[in-house]
Each structure stands twice: as structure tokens, then as C-alpha cells.
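Peer 1: What follows is a single structure, and I will ask about it in a moment.
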Amino acid sequence: MTTSGSVATSRPSRASTLSGNAANATGRWVDDRLGSSNFVRRSLNKVFPDHWSFMLGEIALYSFIILLLSGTYLAFFYTPSLAEVVYDGSFTPLVGVEMSEAYESTLNIAFDVRGGLIMRQIHHWAALLFVVSIVVHLMRVFFTGAFRKPRELNWVIGVLLLILAILEGFAGYSLPDDLLSGTGLRIAWSIMLAVPVVGTWVAFLFFGAEYPGTEFLDRLYIAHVFIVPLILLGLITAHMMMIWYQKHTQFAGPGRTEENVVGSRLYPAYAAKAGGFFFLVFAVLAAMGGLFQINPVWLYGPYNPSQVTAGSQPDWYVGWLDGATRLMPGWEVSGLGHTLAINVIVPAVVIPGLIFTLMLAYPWLEQRFTGDRDFHHILDRPRDAPVRTAIGAMSLSFYLVLWISGGNDVIASIFDISVNHTTYAGRIALLLLPPVVYVITKRICIGLQESDKELVHHGIESGTIRRLPSGEFVEETVPLPVPYRLALNKVEPSEPGHGNKELASGEPVPHGAPSDGGHGDMTQWVDTEPKSKKGFLRDKSKRRAAERPEPTRAELEGSGQQ
Amino acid sequence: MTPPPEDPKGTSADASGSIRDRLQAPPQPPTDAETSGSGLTDAAFQQTDSAAALAARGRSDQQESSSAGTVASDEQMHPRKEDLDPHEAKIAERKVASLFLLSFLAVLGFCVWYLVGEQEFGQPNNGLFTPILGVLLALALGGVGAGAVLWAKLLMVDEEAVQERHPFGSPDDERAATAEAIQKGLDDANIKRRPLLLGTLAVGAGSLALLPLPFALGMGRWQHKERELETTAWTEGMRLYRSNGQPVRLGDLQVGAVESVFPDVPHPQLRADSPVLLIRMRPEEFTPAPGHEGYDYQGHIAYSSICTHLGCPVKLYEQRTHHLLCPCHQSTFDASRGAEVIFGPAARRLPQLAISVDEDGYFVANGDFDEPIGPSYWERA
């Protein structure tokens with residue numbers, strides 16, 4: 001019976017033998033009961049590809065853990081009650097002011113609980129970071145095509161996680177019952193009311209009475225600390241298990257194929273890095289929680305439906321919806337005893353609904369339009385798929401216009417221009433910018449492909465000018481090293497009929513190879529001539545499965561080894 | 001059991017051990033490393049060592065072979081100075097150790113500061129208490145984090161390994177067998193021959209989905225909702241109270257002045273549908289909305305201050321232009337023209353409260369608003 005602790009240390013000393021025995025004993029004890037040796041060994045040896053952008057999802061995961069830890073602490077002190085009390089705490093400016101117990105307990109966390117303020121600020125910063133990292137991670141997954149088969153389901157889970165994270169964040173910053181959060185809740189109530197047919201039913205379902213009522217805080221609280229986190233936890237677990245089972249995607253490179261994963265084993269170095277990274281994320285959030293003030297609710301005062309502060313802004317991830325409602329013209333139709341608030345449901349219900357639906361459906365939409373239903377474990381670089389990248393950039397520009405418009409009053413006051421003008425500018429930009437961005441992005445991608453083609457075909461400019469017998473001057477080029485060739489070559493799978501004839505035969509072409517080519521020198525790292533001159537303007541819709549196998553890579557490797 | 005013919009971790013175990021072992025047998029010089037460094041021989045990256053080992057033990061595990069053949073170690077291609085120079089390795093070791101020690105000290109400091117640090121209660125950030133807690137906490141967590149990362153980066157063997165992906169999707173015979181098993185279950189249950197059971201099951205089990213509905217409706221107090229939305233706390237003859245509890249008298253407001261007023265109910269601030277904005281302007285400046293003639297009283301006009309867009313309080317009044325601005329989404333209303341919308345996403349003017357003055361000279365409401373205040377909803381006529 002082998003156990004996981006059986007690795008021989010190269011220098012047995014008394015101490016290491018003892019610890020080795022202890023590890024052996026523990027391993028045997030566990031294995032006798034769980035039979036876990038095989039699982040443990042396989043897990044420890046699991047290979048993870050390395051790239052800086054793969055850490056973005058890690059940040060989201062770690063933020064979530066930090067949110068659970070800090071949120072639990074806050075729950076010990078927070079009271080989700082709208083009962084009116086008169087404040088009598090340490091913050092003198094508000095002493096004697098009537099407020100809800102929820103707001104009072106939030107003030108107490110900030111001023112009277114030792115370490116309460118830093119915990120609340122860590123919690124808030126972690127929430128902001130959680131959504132940021134989800135969004136950036138999602139962009140990475142989108143632009144590299146990591147959502148393609150077989151990972152469509154994990155993409156769906158990811159989008160659901162984003163939606164839930166936004167809802168969870170909104171519920172969280174609505175809990176203190178300060179002036180800002182109450183205003184946000186009232187807007188949420190009003191949006192629910194505007195939904196056709198079922199609007200009032202939905203609104204009363206959540207609030208229990210006409211806004212504000214006396215029950216919404218309990219419901220919000222149980223949603224924020226139990227229901228939504230539970231779903232988040234379940235979805236995150238499924239997300240991780242699927243990554244584990246399907247193995248991570250990887251970028252193209254030497255030795256990397258659709259059939260393998262090249263990277264680090266989980267144990268020990270990768271685990272040490274990932275574990276260390278968790279503490280680094282936590283450290284950054286701790287420093288921010290201690291040093292940078294966030295959501296100072298004591299400055300806003302208790303909620304009062306008749307008051308509002310000018311320039312009030314929601315947390316960043318709600319800003320785009322705020323901007324959408326600001327840009328929408330005031331259209332409303334009524335008749336037959338009913339009112340349809342187009343000015344509310346379009347920006348606050350239809351647009352987000354449409355955006356999230358398109359996001360959820362995107363993997364299948366792309367399959368539908370490209371006809372590409374293959375497995376993909378090698379990532380695209382954004383330029384490899386100009387249409388997808390252009391769609392992504394277009395969507396981002398749409399989002400950013402909305403997001404910036406969410407602060408158009410702030411922009412107007414900073415630059416001393418009329419709010420009306422910023423609104424008009426936002427409306428125009430929202431319609432004009434996305435198509436322009438689409439076209440420009442696609443052009444840039446194609447241009448980058450062209451420059452890749454130059455590199456692969458003609459190599460790096462050496463600066464050496466040679467004069468031909470005919471008198472012509474030419475610059476000599478150094479062929480690109482193989483790893484780069486392999487990485488770049490992924491963008492041009494061979495396309496029959498489009499390639500150079502002699503190259504299409506698959507024979508390495510000596511032209512351009514250093515004369516002393518052979519073992520033991522740089523020629524191992526350089527290749528001679530491209531295997532194909534495949535069009536960089538390749539239309540995604542024309543790409544077919546038949547083009548995808550990588551004969552070119554195999555050939556490259558073969559020729560590189562000669 | 002026979003011992004495995006090949007250690008699954010053989011490659012790493014060979015190269016691992018302590019950093020000193022590897023330094024005693026220094027890695028091959030860079031030039032050599034480069035020749036083998038690309039590591040692209042088929043044998044190198046197609047061999048799955050432990051797959052072989054498992055196969056030898058007779059339990060080949062196609063699905064998740066722990067296989068990891070080494071392609072090329074990163075440090076063979078780019079040897080770290082810690083790999084080449086024992087002195088550098090020692091320095092790196094000390095760096096990592098001091099980071100771990102830093103954590104220990106910061107934890108001690110955090111505990112001490114938490115217990116004895118002076119928390120200036122009631123001050124923003126509690127004086128220096130919170131910032132210092134933050135710095136110490138960051139050092140405590142960051143020391144361990146940075147130390148672990150540095151250890152992995154500088155001193156751990158981190159070879160590049162290759163793992164085969166297991167094929168996705170089950171083999172066809174597997175799928176067929178599963179489909180067969182499912183079909184057999186259906187046959188055993190006699191579903192085909194008992195359509196009545198299938199149909200009634202669908203009805204019975206499907207109707208269970210309706211069960212939560214009454215509870216959801218109960219949560220919503222649905223029977224009251226429309227009346228609640230149509231009414232506010234204002235009644236005929238109710239005086240207009242300031243937030244400090246004083247009623248407003250005729251003559252209290254100068255021309256151009258504006259006052260938030262509330263109905264005479266307990267906790268008027270919590271009656272979210274009732275806040276009213278009382279504005280005074282010269283009577284000749286005011287043009288009432290059609291049908292709202294006589295709602296004003298000697299140049300005093302009372303509007304609901306709840307925005308008809310999304311319910312924020314419309315509080316910003318520009319005296320010169322009589323514009324009322326909602327700070328949430330910049331809907332702008334013209335107070336001198338019945339609060340009609342002149343800009344922004346709002347679609348309807350602010351409802352106007354009809355007011356007059358009682359025999360004691362105090363402003364009173366003539367009754368409730370004649371339309372629902374605030375944002376639109378489906379049932380609103």
C-alpha cells in the first residue's frame with residue numbers, strides 16, 4: 001500500500017525522518033478511511049497553465065472569501081431594524097437625531113466597536129473589488145475565446161455570478177439606511193413599479209407595503225447575508241469544479257496543443273503562489289480598509305424620503321444603469337386605464353435584460369454564426385478573432401458611455417458645463433460611438449494580424465543591408481524564434497489553395513536559415529520560412545473545423561528540431 | 001502491492017530535494033539548456049510518466065491521469081541567479097524568512113494596538129486608530145503572502161509540466177449503454193403503457209409549483225396596493241408643517257422662497273409619498289397647468305416633491321428661472337408653469353396640491369392630491 005507521504009527526502013535527518021513518519025502515519029490514517037491517496041496525488045500533480053491574466057478570477061474568488069469573513073463580523077453588530085431610536089453614541093454631530101436602529105448600529109460599528117470601522121471598510125472595498133475582478137475576468141474570458149466549447153456552461157455560471165454580485169452589492173450598500181442608500185432603494189422600488197402588468201405586485205412583494213414600509217430591511221438583510229451568498233457560494237463551487245474537471249485553457253506556445261496542458265503542477269510552487277496571492281489581496285484590502293475612507297454614512301445622515309444630496313452616486317457597478325436612466329428621453333404612454341413608463345423600463349429593465357441575455361447566449365450565438373462547434377483549449381489572442389474582439393469593444397464602449405453618463409452631473413460641475421449638454425452628448429455618443437469602435441477595433445485587429453504575418457514571413461529586421469549583384473539593396477532579416485512563431489502561427493492555420501506552393505508541401509525551406517544551422521546553436525530557436533501564407537483577413541464565418549487542426553505547429557516543431 | 005515501477009513524481013523528485021542539492025550539481029549551462037530547452041521532442045511531452053506507472057499497476061486511469069511529463073523547466077531555460085549562486089540563494093532565503101518574521105511582528109503589533117491603541121471615539125477614522133490597524137493588518141497578511149510568493153518564485157523547483165487532457169464526451173458505446181439503461185428504466189416503469197399515470201403525475205407534480213404563489217402574494221399585501229399608491233397622508237384642512245413641526249402661515253415665505261412641508265401625521269418624514277414643496281413667487285409669474293386653476297393661493301404653489309420619474313425628492317429650486325431639478329437623474333420642471341417637464345427623463349409634471357388659508361392664517365390642504373404622486377405604474381390611469 002503506497003501512501004502519499006512516501007516521497008523519499010534526499011537527505012534524511014533525524015528531524016525529517018520524524019516528520020516523515022508523522023506524515024506517513026497521518027497519510028495512512030486518512031487513506032485507510034477515505035482511500036484518498038490517488039485523488040490527492042492526482043490533485044497535487046494537476047497542471048495549471050500560467051499567465052498573468054489567469055489571476056483575475058483568483059482575485060474575485062479571494063475577494064469573496066474576504067467578504068464572507070468580514071461580513072460575518074459585521075453581522076454580529078448590525079441590527080436590521082427600522083425602529084426609530086434617538087442616537088446617543090460617540091459621533092457628536094448626530095447625537096439627539098432620530099434614526100432607524102439599522103443606521104444607529106452602522107454608526108456604532110464605525111465609532112464604538114473596536115476595529116469595527118476597518119472591518120466595514122474592508123468589507124466595502126472587497127465588494128467593489130469583487131465586482132471589478134469579475135468584470136475584468138469576464139473580459140479576459142471573452143476576448144480570448146475561453147468560453148468556447150466545452151466551457152459554455154462555465155461562461156453562463158460566470159455571467160450569473162456577475163448579476164448576483166451586482167444585486168448582492170446593491171443589497172449590501174442599502175442596509176445602513178443612510179440617506180444615500182434610501183435614495184437608491186426608492187429608485188429600485190420605482191423601477192419595479194414601472195414594470196408592465198406585474199410591476200406593482202413585484203414591488204409590493206419585495207417591500208411588503210408602499211415604500212418604504214417597515215419590512216424591506218429584514219427582507220434585504222436575509223437576502224444579503226443568506227440567500228444571495230448561498231447561491232453565490234454554490235455557483236462559485238460549480239465554477240471551480242468545472243475548471244478543475246475541464247482543465248484550464250492555455251495560450252499557444254511551444255509544446256502546447258489542444259490535447260494537453262502545459263504549466264506548473266499544483267504542488268508545491270503553484271499552490272504557494274496562489275496561497276500567497278490570497279494573502280496579498282487580503283493585505284491590499286486591509287490597507288485600503290484602514291487608510292481610505294469608503295461610504296462615510298455618518299456624513300450622509302439618516303434616511304429621510306424628503307431629502308437627497310446633490311451629486312449622489314451609487315457604487316460603481318450600478319452607475320451604468322443610473323446613466324441609462326439619465327440619458328433616456330421622457331417617454332411615456334398611457335391609455336385604456338394603464339400607463340407604460342417607457343422612460344423607466346427601457347433603461348432599467350429592457351437594456352440590462354437584453355445585455356445579460358446576449359451575454360448568456362453569446363457562446364451559442366458565436367457558434368451559430370461561425371459554424372465553429374469544435375473543442376477549444378488553446379486561447380485566441382484578441383486579434384485572432386477580429387469580429388469577436390470588435391463586438392466586445394463595441395459593447396464596452398456602450399457600457400462606458402452609460403457608466404460615464406451616470407456621473408454627468410459631476411462632470412458638468414467639474415468642467416462647468418450645462419448638465420443638459422452632458423446629457424445630449426451622452427445620447428449622441430451612445431448611438432454613434434459603438435459602431436465607430438466596432439469598425440476601428442476590427443481594423444486594428446486585422447492590422448495586427450498583418451504585422452504578425454510580416455514577422456512570421458519575413459522575420460525581424462536585422463539592420464544589415466546587403467547589396468545584390470544587380471545593384472539592388474536589401475535588408476537581411478532574422479527569422480523569428482520558434483516559440484514566437486508557434487504563438488503567432490496559431491493565427492494562421494493553413495488554408496488550402498492560399499499558400500505558397502513549395503511551402504504547402506510541408507518541406508522546410510532553407511531560404512533565410514542561418515548557414516551554420518544545426519544542433520547546439522540558435523537555429524534550434526529559429527525557424528526558416530512560414531509554412532503557409534494564409535490570409536490574415538480570414539473571415540470567421542468561413543472558418544471551418546477542417547482548418548483548425550495544427551499541422552503547421554507540428555511541422556514547425558519538426559523543422560525546428562532538425 | 002508491488003511498488004510502482006516509476007515514481008509518478010519522479011521528475012520533480014529528481015530535480016527537487018533542497019536547493020543546495022541542485023546547486024551541488026548545477027544545471028547545464030544556458031547554451032546547452034537551450035538546445036534541450038525547447039524540449040519539444042515527442043518523447044518529452046507526450047510521455048505521461050504516471051500514466052505508464054498506473055498502467056503497469058493495472059489501473060490505467062484514462063480520465064484523469066496524473067501524468068505530467070516535463071517539457072522544459074523554466075529555470076533550465078532562464079536559470080535564476082539563486083540556482084547558480086549559493087550566496088544569492090542564501091540572500092533569497094533570508095528575504096523570505098524576514099517577510100515571514102515581519103508578519104509575526106505585525107500580528108503582535110496589531111494585537112497590542114487593538115488592545116491599547118487610543119481609539120478617538122466619534123472622530124472620522126477614529127483618529128489614528130483605524131489607519132494604524134490597517135497598516136499592521138496589511139503587513140501581517142502581506143508578509144506571509146509576499147513571502148510565500150517569493151519562496152515559490154526564487155527557491156522552489158517549478159518545472160514546466162505537461163498533462164494530457166482527457167477526451168471530452170464519453171465514447172459512443174458508453175453513451176449507448178447509458179441511453180439503454182435509461183430506456184430500460186422507462187420500460188420497467190411501464191410508462192408507455194400507462195399514459196394516464198404520466199399525465200396525472202404531470203398535473204399533480206406540476207401544480208406543486210403553484211404552492212409558493214399564495215405565500216408570495218401574502219408577502220406583498222397585494223389587496224391594498226392600488227389604494228396605497230393612489231393616496232397620501234394629506235386630507236382636507238390639514239395644515240402644512242415644516243420639518244421642525246411649525247405650521248406655515250401666510251406671509252412666512254418671501255417671494256422667491258421655498259419650504260419643504262409635511263402633513264400632520266406621526267413620523268411625517270417616513271410618509272415617503274407626502275413631502276410637498278411650497279414655493280412663493282409673484283402671482284403674475286405663475287401660469288397654472290390646465291385644470292389646476294385655483295390650486296395656488298396668492299402666489300404660493302405646493303407641488304409634490306417626489307419626482308415623477310423614479311421618486312427622488314425634487315429639491316433644487318432655481319429662484320431666477322423657477323426651475324426645479326431632481327438631483328438623481330436631472331429631470332427639470334418649470335415651477336412657474338405647473339411644474340411641466342422641460343428636461344430629463346421624467347414624463348409627467350409634478351402633481352400639485354390645492355391649498356388655501358384657514359381662519360387663523362395658516363396654510364391648509366384642500367384635500368389629497370387629485371392624482372397619484374411619484375413614478376408611474378401599470379395600473380395608473
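Peer 1: Please verify whether A:Val349 is assigned to a helix (DSSP H, G or I) and under 24 Å from the mean Cα position of the chain (by Cα), treating the condition exactly as stated.
Peer 2: Values: assigned to a helix (DSSP H, G or I): yes; under 24 Å from the mean Cα position of the chain (by Cα): yes.
Yes: the conditions hold for A:Val349.
Peer 1: Does B:Ala161 count as among the aliphatic types (A, V, I, L, M) and within 14 Å of another protein chain (Cβ to nearest Cβ)?
Peer 2: Values: among the aliphatic types (A, V, I, L, M): yes; within 14 Å of another protein chain (Cβ to nearest Cβ): yes.
Yes.
Peer 1: Inside the stretch A:172-228, can you point out the residues that are in a loop (DSSP other than H, G, I, E, B), surrounded by 22 or more Cβ atoms within 10 Å (Cβ to Cβ) and acidic (Asp, Glu)?
Peer 2: A:Asp177, A:Glu210
Peer 1: For the stretch A:174-232, give me each residue that is more than 7 Å from chain B (Cβ to nearest Cβ) and polar (S, T, N, Q).
Peer 2: A:Ser174, A:Ser181, A:Thr214
Peer 1: Next question, about the same structure. List, please: which pairs have Cβ atoms under 8 Å, are six or more places apart or on different chains, and start with a residue in the stretch B:194-212 that is without any contact (Cβ under 8 Å) to a residue 60 or more places away in the chain and end with one that is charged (D, E, K, R) and exposed (fewer than 10 other Cβ atoms within 10 Å of the Cβ)?
Peer 2: none
Peer 1: A further question follows. Would you please list the contacts, defined by Cβ atoms under 7 Å and residues six or more apart or on different chains, that run from a residue in the stretch A:225-249 that is not assigned by TED's automatic domain parsing to the domain that holds A:Pro150 to a residue that is surrounded by 14 or more Cβ atoms within 10 Å (Cβ to Cβ) and not in a helix (DSSP H, G or I)?
Peer 2: none
Peer 1: Modelled with pLDDT of 50 or more, among the hydroxyl-bearing types (Ser, Thr, Tyr) and closer than 30 Å to A:Ser397 by Cα: which single residue out of A:Ser470, A:Ser462, A:Ser451 fits that description? Spell out the reasoning first.
Peer 2: Working: A:Ser470 fails: closer than 30 Å to A:Ser397 by Cα; A:Ser462 fails: closer than 30 Å to A:Ser397 by Cα.
Among A:Ser470, A:Ser462, A:Ser451, only A:Ser451 is modelled with pLDDT of 50 or more, among the hydroxyl-bearing types (Ser, Thr, Tyr) and closer than 30 Å to A:Ser397 by Cα.
Peer 1: Please enumerate the residues belonging to the stretch A:352-373 that are within 17 Å of A:Ala146 (Cβ to Cβ) and part of a loop (DSSP other than H, G, I, E, B).
Peer 2: We begin by selecting, within the stretch A:352-373, every residue within 17 Å of A:Ala146 (Cβ to Cβ); these are A:359-367, A:370, A:372-373.
Across the stretch A:352-373, the qualifying residues are A:Asp372, A:Arg373.
Peer 1: Find the residue count for the stretch B:313-363, including only residues that are under 39 Å from the mean Cα position of the chain (by Cα) and among the polar types (S, T, N, Q).
Peer 2: Looking only at the stretch B:313-363, we keep the residues that are under 39 Å from the mean Cα position of the chain (by Cα), and these are B:313-318, B:323-335, B:339-352.
Going one step further and asking which of them are among the polar types (S, T, N, Q), we end up with B:330-332, B:352.
The number of residues fulfilling the criteria is 4.
Peer 1: A further question follows. Taking the stretch B:297-309, which residues are under 46 Å from the mean Cα position of the chain (by Cα) and more than 30 Å from A:Ala324 (Cβ to Cβ)?
Peer 2: Correct list: B:His300, B:Ile301, B:Ala302.
Peer 1: Further question: Residue by residue through the stretch A:374-427, note down the ones that are within 20 Å of the chain's Cα centre (by Cα) and outside any helix (DSSP H, G or I).
Peer 2: If the condition is that a residue be within 20 Å of the chain's Cα centre (by Cα) and outside any helix (DSSP H, G or I), then A:His376, A:His377, A:Ile378, A:Leu379, A:Asp380, A:Arg381, A:Ala385 are the ones that fit.
Peer 1: Right, something else. Look at the stretch B:303-340 and say how many of its residues are out of contact with any His (no Cβ under 9 Å at 6 or more places or on another chain) and buried (at least 19 other Cβ atoms within 10 Å of the Cβ). Give the derivation first.
Peer 2: If we filter the stretch B:303-340 for residues that are out of contact with any His (no Cβ under 9 Å at 6 or more places or on another chain), which is where we start, we get B:303-306, B:308, B:311, B:313-315, B:318-325, B:327, B:330, B:339-340.
If we keep only those that are buried (at least 19 other Cβ atoms within 10 Å of the Cβ) too, we end up with B:303-306, B:308, B:311, B:313-315, B:322, B:324-325, B:327, B:330, B:339.
Selection size over the stretch B:303-340: 15.
Peer 1: I've got another one for you. Kindly evaluate B:Ala272 against the criterion of being surrounded by 19 or more Cβ atoms within 10 Å (Cβ to Cβ) and in contact (Cβ under 8 Å) with a residue 40 or more places away in the chain. Don't jump to the end; show me each part of the working.
Peer 2: Numbers: surrounded by 19 or more Cβ atoms within 10 Å (Cβ to Cβ): yes; in contact (Cβ under 8 Å) with a residue 40 or more places away in the chain: no.
No: the conditions fail for B:Ala272.
Peer 1: Follow-up question, since we're still on this one. Which residues, counting only those in the stretch A:279-295, are more than 7 Å from chain B (Cβ to nearest Cβ) and not β-branched (Val, Ile, Thr)?
Peer 2: A:Leu285, A:Met288, A:Phe292, A:Asn295
Peer 1: Name, by its number, the condition in (1) within 30 Å of B:Thr332 (Cβ to Cβ); (2) in contact (Cβ under 8 Å) with a residue 60 or more places away in the chain that does not hold for A:Ile342.
Peer 2: (2)
Peer 1: Kindly indicate the residue of the stretch A:382-396 that is crowded, with 20+ Cβ neighbours inside 10 Å and either polar (S, T, N, Q) or in contact with a Leu (Cβ under 6 Å, 6 or more places away or on another chain) (or both) and also modelled with the lowest pLDDT among those meeting that condition.
Peer 2: Filtering first and then ranking leaves A:Arg383.
Peer 1: Considering only the stretch B:73-137, give the helices (runs of 4 or more DSSP H) lying wholly within it that have at least 2 residues that are within 10 Å of chain A (Cβ to nearest Cβ) and at pLDDT 85 or above.
Peer 2: By residue number, B:86-116.
Peer 1: Please count how many residues of the stretch B:239-280 are more than 19 Å from A:Thr214 (Cβ to Cβ), at the interface with another protein chain (Cβ under 9 Å from one of its Cβ atoms) and part of a loop (DSSP other than H, G, I, E, B).
Peer 2: Result for the stretch B:239-280: 1.
The values are calculated or read from the model by the stated rules, or taken from the named source; none is laboratory data. The structure displayed is predicted, hence computed values, not measured ones. We place every Cβ from the backbone using ideal geometry, glycine too, and count neighbours over all the protein chains shown.
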